[in-house]
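Data first, discussion second: the structure below is written as structure tokens.
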Amino acid sequence: MKALTYHGSHDVRVEEVPDPSLVQNDDIILRVTATAICGSDLHLYRGKIPALKDGDILGHEFMGIVEEVGSGVTELSVGDRVVIPFVIACGKCFHCLLDEYSACETTNTGKGAALNQKGIKPPAALFGYTHLYGGVPGGQAEFVRVPKANVGPLRIPDALSDEQVLFLSDILPTGYQAVLNAGIGKGSSLAIFGAGPVGLMSAACARMLGAEQIFMVDELQYRLDFAVQAYGVIPINMKDVDDPAELIMQQTNGRGVDATVDAVGFEAKGSTTETILTNLKIEGSSGAALRQCIAATRRCGTVSVPGVYAGFIHAFMFGDAFDKGLTFKMGQTHAQALMPELLEHVGNGLIKPEIIISHRMSLADAAKGYATFDKAEDDCRKVVLTP
């Protein structure tokens, strides 16, 4: 089969690789009908995440048709059309029973990214996201093995197209969990840092939940223009505004917003000092977006972090967070818990995630899709690939 494989920083290739086969009795083999390039895939593409090996198959947003089922699969049948959550969870461990699927204790053979582990079990395995998270082959391929197929894969009604439901695999539940963690409801105010796919899904979900005022901060004007048109945000271009948090404070009578969403993560552009420290491996992440979130959030508000972070962060401003009484909520998405509800919202037309798609390509052109997305060329917001 053909699949998109990693060969080093900015070097991904569509190659012939062996077809997947059933390993455990609760596996399925999926024929992929649509897959997407996620913003977090760019961290891999840029060589920023360790434990990737040459030939690893990338991709964690995908859906398709069940081609083969293991003897222990009870929830699916050959021919079912399903979306696959990016998190692989057993459904039976301590965390899964609490619907904390991204903390599943049994699926990850890697060690996770935490530095000070003290023997804690790693989080759940993820499709196509390094050997820290299990080294499980991803879905930017013609076929993929899906472990733990009784937990997570979601049947899709024929009335809904692939594009309408594909993002249930990751960015839609990630954006939804971000605003749920932020406590967003009717009349809420919110600032979203980052107008990439997760930031846009956060805006869409915030509107669905009744947010009244949404600021969106990014450095790409075309993304901000789209967010204004689609979700009615108040745009702030970081190229024009040196301190977005200060502007947000001015426009909220000096109080700040109820909550902020950091949809940027560790690759936020920070100071020269941060760049040097990161290059020297003295710290693992830029704290620029987090500092802005802390500054823009009102006293007793919430900072929600769906953006990826790792290691130490310079100038976290913890004292400011304490002084303001802020709550922080963060982490990988418990996708399985959110997908059924979101499918209903998509089916009822309350949310239309497919409108963010800007580029449609064949799997054979996946390397071009990565380069276009990475360089923000051709007003690229989201790339969908079809095998």
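Of the residues Ala124, Ala113, Ala89, Ala103, which single one is within 18 Å of His43 (Cα to Cα) and not hydroxyl-bearing (Ser, Thr, Tyr)? Quick ask: steps written out before the conclusion?
Working: Ala124 fails: within 18 Å of His43 (Cα to Cα); Ala89 fails: within 18 Å of His43 (Cα to Cα); Ala103 fails: within 18 Å of His43 (Cα to Cα).
The unique qualifying residue is Ala113.
Please pick out the residue among Ala315, Ala364, Ala371, Ala337 that is open to solvent by less than 40 Å² (accessible area, probe 1.4 Å) and either in contact with a Pro (Cβ under 6 Å, 6 or more places away or on another chain) or of a type in the set (A, V, I, L, M) (or both). Lay out the reasoning, then the answer.
Numbers: Ala315 fails: open to solvent by less than 40 Å² (accessible area, probe 1.4 Å); Ala364 fails: open to solvent by less than 40 Å² (accessible area, probe 1.4 Å); Ala337 fails: open to solvent by less than 40 Å² (accessible area, probe 1.4 Å).
Only one candidate qualifies: Ala371.
Could you say which residue among Ile171, Ile192, Ile184 is more than 24 Å from Ala124 (Cβ to Cβ) and open to solvent by less than 10 Å² (accessible area, probe 1.4 Å)?
Working: Ile171 fails: more than 24 Å from Ala124 (Cβ to Cβ); Ile184 fails: open to solvent by less than 10 Å² (accessible area, probe 1.4 Å).
Exactly one of Ile171, Ile192, Ile184 is more than 24 Å from Ala124 (Cβ to Cβ) and open to solvent by less than 10 Å² (accessible area, probe 1.4 Å), namely Ile192.
What's the total number of residues in region 75-117 that are among the aliphatic types (A, V, I, L, M), open to solvent by 40 Å² or more (accessible area, probe 1.4 Å) and touching a strand residue (DSSP E or B) at 6+ places or on another chain (Cβ under 7 Å)?
1
Any residue in region 100-111 that is within 18 Å of Gly128 (Cβ to Cβ) sitting within a Cβ distance under 9 Å of a residue that is hydroxyl-bearing (Ser, Thr, Tyr) and assigned to a helix (DSSP H, G or I)? List the pairs, counting only those 6 or more apart or interchain.
Once the first residue is within 18 Å of Gly128 (Cβ to Cβ) and sits in region 100-111, its partners that are hydroxyl-bearing (Ser, Thr, Tyr) and assigned to a helix (DSSP H, G or I) give Asn108/Tyr133; Gly110/Tyr133.
Could you tell me which residue of region 38-64 is modelled with the lowest pLDDT, considering only residues that are open to solvent by less than 30 Å² (accessible area, probe 1.4 Å) and aliphatic (A, V, I, L, M)?
Ranking the candidates gives Ile49 first.
How about region 208-285: which strands (runs of 3 or more DSSP E) wholly inside it have at least 1 residues that are touching a Cys at 6+ places or on another chain (Cβ under 7 Å) and either within 19 Å of Thr174 (Cα to Cα) or modelled with pLDDT under 95 (or both)?
Details: elements: 213-218, 234-237, 257-262.
Answer list for region 208-285: 257-262.
What about Gly72, is it assigned to a loop (DSSP other than H, G, I, E, B), at pLDDT 95 or above and buried (at least 22 other Cβ atoms within 10 Å of the Cβ)? Give the derivation first.
Details: assigned to a loop (DSSP other than H, G, I, E, B): yes; at pLDDT 95 or above: yes; buried (at least 22 other Cβ atoms within 10 Å of the Cβ): no.
Against the criterion (assigned to a loop (DSSP other than H, G, I, E, B), at pLDDT 95 or above and buried (at least 22 other Cβ atoms within 10 Å of the Cβ)), Gly72 does not qualify.
Of the residues in region 131-160, how many are within 19 Å of the chain's Cα centre (by Cα), at pLDDT 95 or above and in a loop (DSSP other than H, G, I, E, B)?
Of the residues in region 131-160, 7 are within 19 Å of the chain's Cα centre (by Cα), at pLDDT 95 or above and in a loop (DSSP other than H, G, I, E, B).
Answer yes if at least one residue in region 337-345 is of a type in the set (Gly, Ala, Ser) and more than 29 Å from Pro50 (Cα to Cα), and no otherwise. Before you say what the answer is, go through the steps one by one.
Filtering region 337-345 down to residues of a type in the set (Gly, Ala, Ser) leaves 337.
From what's left, more than 29 Å from Pro50 (Cα to Cα): none.
No, region 337-345 contains no residue that is of a type in the set (Gly, Ala, Ser) and more than 29 Å from Pro50 (Cα to Cα).
Give all pairs with beta carbons closer than 8 Å in which a residue from region 14-42 that is under 28 Å from Glu267 (Cβ atoms) and in contact (Cβ under 8 Å) with a residue 12 or more places away in the chain meets a residue that is open to solvent by 30 Å² or more (accessible area, probe 1.4 Å) and of a type in the set (Lys, Arg); count only pairs at least 6 apart in sequence or on separate chains.
Partner pairs satisfying both residue conditions: Val14/Lys2; Glu15/Lys2.
The values are calculated or read from the model by the stated rules, or taken from the named source; none is laboratory data. None of the values given here were measured: they were computed from a predicted structure. Note that we place each Cβ from the backbone using ideal geometry, even for glycine, and neighbour counts take in every protein chain shown. The protein model used for the area step is the full one, side chains on, heavy atoms only, and it has no ligands, DNA or RNA in it. Shrake-Rupley method; radii C 1.70, N 1.55, O 1.52, S 1.80 Å.
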